[in-house]
1. With θ set to phi - 60°, apply the Karplus curve 6.51 cos²θ - 1.76 cosθ + 1.60 along the range 11-23 and write out the HN-Hα couplings as whole Hz, x wherever there is a Gly or Pro.
2. Hey, quick one: spin label on Met1, modelled 7 Å out along Cα-Cβ, who in the range 16-46 has an amide N within reach, i.e. under 16 Å?
3. Provide the per-residue ³J(HN,Hα) series for the range 41-55, in order, calculated from phi with Karplus coefficients 6.51, -1.76, 1.60 and θ = phi - 60°, each as a whole number of Hz, with x at glycine and proline positions.
4. Using a 1.4 Å probe on the protein chains only, how many percent of the accessible area of the chain belongs to carbon and sulfur?
5. Per residue, how much space in cubic angstrom lies within the convex hull of the C-alpha atoms of the range 1-61?
6. So, in nm, how far is label Lys19 from label Lys88 when the simple model puts each one 7 Å beyond its Cα toward the Cβ?
7. Express the accessible area of the range 1-90 per residue in Å², computed with a 1.4 Å probe while the remaining protein chains stay in the model.
8. Return the lysines within reach of Lys20: Cα separation strictly under 27 angstrom, same-chain partners fewer than 8 residues apart disregarded; answer none if there are no such residues.
Amino acid sequence: MWETETTTQWLKDIKYYEKKHSNELAAVLRNLKRFLALLETAPNCKAVQAGFLHNEPKGIVAIDQKGGGGNLQETRLYTYPHEIKSKKVLYLITIGNKNEQTTDIQLSKNFVESILPTPQTTEKPT
């Protein structure tokens, strides 16, 4: 079963979207539920595909507002599905509009790098 974990940036963003862009927030949250349902049935997180999902660098998946009705601002919810052994976590990283996309992707990449173990380099004795 997939669990969700939020970042402090996500908590900040959701408060803003609740006040200023509630229709866009409702649309991406509906697609988030759809994504979670797809994750539950997929053999692995990389196998999930849908029209509202966008693959970004480092395994980040952006969920958009498609299917939420007309006149919605283009909005992306950045997530990171992470599977280690029997633990499955979908991190909710940030939410933003198309104009913030570059910044949001960089923030998401930094987050993913911060949670992944750093590779150990083995030095050969000289």
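The values are calculated or read from the model by the stated rules, or taken from the named source; none is laboratory data. Keep in mind the model is a prediction, meaning the values are calculated, not measured. In this analysis, Cβ positions are derived from the backbone assuming ideal geometry, glycine residues included, and neighbour counts consider all displayed protein chains. Protein only, heavy atoms only, side chains kept; ligands, DNA and RNA dropped before computing areas. Shrake-Rupley method; radii C 1.70, N 1.55, O 1.52, S 1.80 Å.
1. Per residue, the Karplus-derived 3J(HN,Hα) values read 4, 5, 5, 5, 4, 5, 5, 4, 7, 9, 9, 5, 5 Hz.
2. Within reach of a label on Met1, which here means backbone N under 16 Å from a point 7 Å along Cα→Cβ, the range 16-46 contributes 36-41.
3. With coefficients 6.51, -1.76 and 1.60, one gets 9, 7, x, 7, 5, 6, 7, 7, 9, 6, x, 9, 9, 10, 7 Hz.
4. Result for the chain: 50 percent of the exposed heavy-atom area is carbon or sulfur.
5. Working: hull volume 6.1 nm³, N = 61.
So the per-residue hull volume is 99 Å³.
6. Roughly 3.7 nm, to one decimal.
7. Here the per-residue accessible area is 59 Å².
8. List returned: Lys12, Lys33, Lys66, Lys98, Lys109.
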